[in-house]
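Working notes, structure below.
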Amino acid sequence: MKRILKHIDDKISDIRASDETTKTIWLYTLTTAISLAVIGLWIGYEQFALPIVAAPIGVPQLAAATTPSQAPGVTETFRVGASAVANSLSARFTRGLALLKTTFLGDGNTMNISGADRNFIPEILAPLEKGTLPK
């Protein structure tokens, strides 16, 4: 580990001692690499940690106005929109926490009870003789 850190320290010292063009190239290269890594982690987080499990949460509809005087005001529209956004974020956060809990902590105290698989075909009995039924 010390050897790797020494190598990184030497590389940084070499970059510091180099000319401005080399420093600029390293700046652009490392910035691009770190940006791509962050975007990749973000996409992975969206794909695996927060899957869309339930249908989208419905936005409460504003009352239909018959005349302009009955139309909802800006504050009412903003209040309904803010509550819809808050409900959506709350639901996503709850689903994400539940997924993280089951991923990292396991199922915990769960129990799966299932009945025995029975096909009701007796395999150990001898076949019955074929005959006619009494009248």
Practice task
Quick one: in segment 92-130, of everything that is of a type in the set (Val, Ile, Thr) and in a loop (DSSP other than H, G, I, E, B), which residue is modelled with the lowest pLDDT?
Solution key: 110
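Quick check on this structure: which one of 30, 62 is surrounded by 10 or more Cβ atoms within 10 Å (Cβ to Cβ), of a type outside the set (D, E, K, R) and either modelled with pLDDT under 85 or assigned by TED's automatic domain parsing to the domain that holds residue 100 (or both)? It would help to see each step written out before you state the result.
Details: 30 fails: either modelled with pLDDT under 85 or assigned by TED's automatic domain parsing to the domain that holds residue 100 (or both).
Step by step, each of 30, 62 is checked, and only 62 is surrounded by 10 or more Cβ atoms within 10 Å (Cβ to Cβ), of a type outside the set (D, E, K, R) and either modelled with pLDDT under 85 or assigned by TED's automatic domain parsing to the domain that holds residue 100 (or both).
The values are calculated or read from the model by the stated rules, or taken from the named source; none is laboratory data. This one's a predicted model, so the numbers in the text were calculated from it and none came from an experiment. No Cβ is skipped: glycine too gets one built from the backbone with ideal geometry, and neighbour counts run over all protein chains shown.
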